[in-house]
């Protein structure tokens, strides 16, 4: 597809996963991501690949676990309540060091919440989410085109680091349509999957495990995981800076919220307000260094997110008291408007001038 | 959303089955082919099962911030419930395309809002294709706004409808033009 | 001197961690023997449960994976669908398969996955210290049924194999018992058949339920434990081929 096509985020990311060489998709219906499952049910068999509608999210992530253990590229998708159920499997994937891609098209919570778009799974996504001392790489796209562009990256990162990559979208990104372009880009050079379970032919038995009972072994395994995470923190941070030149106020936002903030910042600049945007694209690894550097330079930080304030904690950790960090949060499915954010920026501009 | 440059935010709303989704997709597809920035956002989930359907289309020259339209420039209201729900949200100076086949009351709106009263279902029925009402609506809307042409919309039809419905393309194109004609001439 | 018994190559030459009189060691050997006799070691992937047999891979020398409690049939599904030429088996206890993994085994059967399932039923949770399992018999005293299981309080023992046999996607179900030499021979025959079906590409799931002694948590000597299988367990879990 070399020309722009109009697709909704859910279908677009599904097609992008197929183009990225996804061998198997396993999923269970939940709004607002059902278009992914339906699209995969049609397209995966066309490509001679595997699609299964599982009996639950527990089963879906376990199927991913099984396929991934044999060296295949496997993925699942769900929305918030379903992703909660998947945390068991995500923890096991971390323990066993298996690559997987999980898409969370977030909706409002807690509990059954609503089907409205939300960003309230940030804590769950960036802190590991399940039991144990582990991380997942978290990508936070802001447009349907970015959803498309980050799916191959998600699979590459998963394979390179043998871990789960979570693509954190939301109900708007999943449902909205916009023109996109599918472009074939070269992938990363990846290590061979010599750990995969393919049958012990001409080699010793391979074992995929997360249980380490011998004294000191689990601590050793955890230190190995942490060393890997340190490498990722060092090498894989993605972050966009917008209109920071001459700024005094920096808004930090990701995903769909960042898209809305971006327009507010653009308008504020037209009206002469000194404001810029830092948009974390990887939510873990978080752009701590970038924000820390910005804290040396800018006077005030404002976090805008569709939750009661989750990412703001990471921003505060990065700013480390060097500047005030304010929050504009819209929990429970609320979506901020450009005008709403512009009003806050106006107020803050007046206060920084004083 | 943007202060300079063109930005048109439309809500199309009606009953499920009135072709609301196809109408929105057609508008979005036409805008994309015309090289515009465009987003399309449907209502989804349990809401749809309640029998109402709506979608939001934003067409602009600059990158679009938010596909969720809270204050539309234009509303295409295919039934009374939609008019009641979204009518009060139309921006001053905006446009209401109102389906008088199903709406028998005068809207009580800001005086700066232009109202196009058009018997959409009746016009579609006269063409022998009651299900083309959505196309009559889009044709009328485009005539009033002028940012995309009905001909461009007609050319985008094959990409919006599944191949199994392609025998309906001629009548849908006709319905588009009938809407345009009514909006231009008032009959 | 004539060799009357030799360790099969796929069974590792090491002592197990199992208690004296436990059935797992025997069941492991039978699985390994079947794998070697069918010459499928180089394309077999085994799935260890959560339970006493979690270290299955320490004893059976094939590619192995350790999975979350009860999820083996889902993991197996992911493996088999992406690798139809491989032979996938899960080895699951009664807590794993009949309790926490009831949904996964039911749906793997319901979908007709081409898998071999070895279901070890010893009517108790072993690894966690002898708690009640869904298959615990009425009157049986466990760590969590100190007055004995009653139908009124804990329900009747769950007959998973009978349920599985009802599913069109399940092609073979047999219940055997490690209650003596004859029972061991029958068990091996059943396990081998369950593997053969997958090797032949038969369309559906094959399950062998093995009644297996747990002298430690049954609180009886090994000899009495095999006797208890015969006299008590088989009353609730009758032996024989249920399907196929």
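The values are calculated or read from the model by the stated rules, or taken from the named source; none is laboratory data. This is a predicted model, so every value here is computed, not measured. Note that we place each Cβ from the backbone using ideal geometry, even for glycine, and neighbour counts take in every protein chain shown.
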(request) Mind listing whichever residues of the stretch C:78-105 are facing chain A (nearest Cβ under 8 Å) and out of contact with any strand residue (DSSP E or B) (no Cβ under 7 Å at 6 or more places or on another chain)? (result) C:83, C:103, C:104
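Name the helices (runs of 4 or more DSSP H) wholly inside the stretch C:51-162 in which the number of residues that are buried (at least 20 other Cβ atoms within 10 Å of the Cβ) is 3 or more. Step through it out loud before you land on a result.
Details: elements: C:72-82, C:102-111, C:151-154.
Ranges flagged: C:72-82, C:102-111.
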(message) If I ask for residues that are without any contact (Cβ under 8 Å) to a residue 60 or more places away in the chain and away from chain A (no Cβ under 11 Å), which ones from the stretch C:106-137 would you list?
(response) C:128, C:131, C:132, C:133, C:134, C:136
(message) Looking at residue A:308 and the list (1) in contact with a strand residue (DSSP E or B) (Cβ under 7 Å, 6 or more places away or on another chain); (2) touching a residue at least 60 places away in the same chain (Cβ under 8 Å); (3) surrounded by 17 or more Cβ atoms within 10 Å (Cβ to Cβ), which single condition is not satisfied?
(response) (3)
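How do the helices (runs of 4 or more DSSP H) wholly within the stretch B:110-187 filter down when requiring 1 or more residues that are within 14 Å of another protein chain (Cβ to nearest Cβ): which remain? Steps first, answer last, please.
Numbers: elements: B:120-126, B:133-145, B:150-160, B:169-185.
Counting at least 1 such residues, we get B:150-160.
Please go through the stretch C:24-46 and give me each residue that is within 8 Å of chain A (Cβ to nearest Cβ) and within 28 Å of residue A:61 (Cβ to Cβ), ordered by number. Walk me through how you get there before you give the answer.
Initial filter on the stretch C:24-46 (within 8 Å of chain A (Cβ to nearest Cβ)): C:41-45.
C:43, C:44, C:45, listed by residue number.
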(message) Filter the stretch A:263-285 down to the residues that are under 19 Å from the mean Cα position of the chain (by Cα), surrounded by 22 or more Cβ atoms within 10 Å (Cβ to Cβ) and either assigned to a loop (DSSP other than H, G, I, E, B) or more than 14 Å from chain B (Cβ to nearest Cβ) (or both) and list them by number.
(response) A:278, A:280, A:282, A:283, A:284, A:285
(request) Among the numbered conditions (1) over 30 Å from residue A:57 (Cα atoms); (2) touching a strand residue (DSSP E or B) at 6+ places or on another chain (Cβ under 7 Å); (3) in a loop (DSSP other than H, G, I, E, B), tell me where residue C:21 comes up short. (result) (2)
(request) From A:91, A:79, grab the single residue that is within 9 Å of chain C (Cβ to nearest Cβ) and modelled with pLDDT of 95 or more. (result) A:91
